[in-house]
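Have a look at the structure below, then the notes.
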């Protein structure tokens, strides 16, 4: 079926506002990941969800960042009180499993966030 | 912690030239290694992978061999094309089963006709 989709594709916001970024993974993929791609930091892992297990939040840069995954499918990344350093492309990826030979992460097109 | 280091770009080559993009890693245990490619205006795509030492991943004329003794996974192509112009990322998935990929900084390749 369709690949990983993300919305919006672009988001411009003012410093201090909250934003929500959405990710629709490939149907049937149990694992979902969020990464951030910025000029200064390259590609950084943020958080991942695997089935019903507790998410790995070890990559979230501050408590202003949070994410949830409802019904084991769609995920929302929320950034509260945005700062200019949050400006980046936020990438979502999904995979069938975390380990094993079928491990491959499929990436969405990303959401470009600009904080003015 | 685990890390990936790849050669800085940009790399500029003429069409049909030989390409090497160096990638070395630091990890405990036996990670899986990947090359992802990001073409202009497109999302990240898996190019090739290798899951154990001495494995060779290959796709679209690109190759990379998992060298545990040198902790390297260099990307090579014998004859590049203009359409290969993109950003290439080396990445690892650690054996600790955390799920996340650790990426290198990315190398921009520009191929001129």
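The values are calculated or read from the model by the stated rules, or taken from the named source; none is laboratory data. Bear in mind the structure is a predicted one, so any value in this text is a computation, not a measurement. Positions of Cβ are backbone-derived with ideal geometry, glycine not excepted, and every protein chain shown enters the neighbour counts.
Annotations
- The set of residues in segment A:1-24 being buried (at least 21 other Cβ atoms within 10 Å of the Cβ) and touching a helix residue (DSSP H, G or I) at 6+ places or on another chain (Cβ under 9 Å) is empty.
- Of residues in segment B:94-113 being surrounded by 17 or more Cβ atoms within 10 Å (Cβ to Cβ) and under 25 Å from residue A:50 (Cβ atoms), the one farthest from the other protein chains (Cβ to nearest Cβ): B:94
- Residues located in segment A:45-69, provided they are at the interface with another protein chain (Cβ under 8 Å from one of its Cβ atoms) and either touching a residue at least 60 places away in the same chain (Cβ under 8 Å) or surrounded by 18 or more Cβ atoms within 10 Å (Cβ to Cβ) (or both): A:45, A:48, A:50, A:56
- When the test is whether a residue is crowded, with 20+ Cβ neighbours inside 10 Å and within 11 Å of chain A (Cβ to nearest Cβ), residue B:91 passes it.
- Residue in segment A:39-52 that is over 13 Å from the mean Cα position of the chain (by Cα), at pLDDT below 90 and under 20 Å from residue A:104 (Cβ atoms) present: yes
- Against the conditions (1) more than 12 Å from every other protein chain (Cβ to nearest Cβ); (2) out of contact with any strand residue (DSSP E or B) (no Cβ under 9 Å at 6 or more places or on another chain), residue B:41 satisfies every one except (1).
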